[in-house]
Amino acid sequence: MPGSMGRGTVALVARALAAALLLWPWPQRAGAAEYVVGDVAFGWDSGVNYAAWAREHAFAVGDVLVFQYVSSQHNVYEVSEGTYWSCDTGGNGVRVKYTSGYDRVVLAEARTYWFICDFPDHCLGGMKVAVNVSAAASPSPDVPRPSADGSNSNAASLAGEGRRGWVAWGLALGAAVLMN
């Protein structure tokens, strides 16, 4: 029949498509990122704009926050949102207390994490950080994205890039099934 492909040609095209999908350089997250909170030698300290610091990063499940501080001068409490805003740790809003001076916190789920320093007047003075964690892969550092203030940040959200890898595998598997 003119204009139609034979069964062998269809199988060959399907194999080529499957190979291309498997070999395509899909963007992927290499592993969990580690962030020193505040980005300085003793990053968890008074006088740092933690809201601005958090906006510069795109946190994903599995990432790790490292709080470095002088333990006789600061601490880190993971708290509820209400405690974050009130800075009042007298109620039941404290989830976890960290006091070592070098605390590693794994961001294990997609949600907002709230951290404060509970030393007198530190939280009220701005020593607190809210970290929004997404289930999506971390951003590629070389693709600019607009930040909350409209300027460009040297990070981009690759939300959905991890799903593309699964789509590629699914398409390849589907093509392989069709070949048989």
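Would you pick out the residues in the range 55-68 that are more than 11 Å from the chain's Cα centre (by Cα) and surrounded by fewer than 21 Cβ atoms within 10 Å (Cβ to Cβ)?
55, 56, 66, 68
Only one of the listed residues (83, 89) is touching a Gly at 6+ places or on another chain (Cβ under 8 Å), without any contact (Cβ under 8 Å) to a residue 60 or more places away in the chain, open to solvent by less than 60 Å² (accessible area, probe 1.4 Å) and not in a strand (DSSP E or B). That residue is 83. Listed conditions (1) open to solvent by 20 Å² or more (accessible area, probe 1.4 Å); (2) in a strand (DSSP E or B) are all met by residue 71, apart from (2). Tell me, which residue of the range 33-49 that is at pLDDT 85 or above and under 16 Å from residue 105 (Cα atoms) is most open to solvent (accessible area, probe 1.4 Å)? This residue is 34. Candidates are the residues of the range 16-32 that are assigned to a loop (DSSP other than H, G, I, E, B) and among the small types (Gly, Ala, Ser); the one that is modelled with the lowest pLDDT is 30.
If only residues of the range 92-107 that are within 20 Å of residue 46 (Cα to Cα) and not in a strand (DSSP E or B) are counted, the one that is least open to solvent (accessible area, probe 1.4 Å) is 101.
The values are calculated or read from the model by the stated rules, or taken from the named source; none is laboratory data. This one's a predicted model, so the numbers in the text were calculated from it and none came from an experiment. Virtual Cβ from ideal backbone geometry, glycine too; neighbours counted across all protein chains shown. Remember, those area values only see protein heavy atoms, side chains included, never the ligands or the DNA or RNA. Shrake-Rupley method; radii C 1.70, N 1.55, O 1.52, S 1.80 Å.
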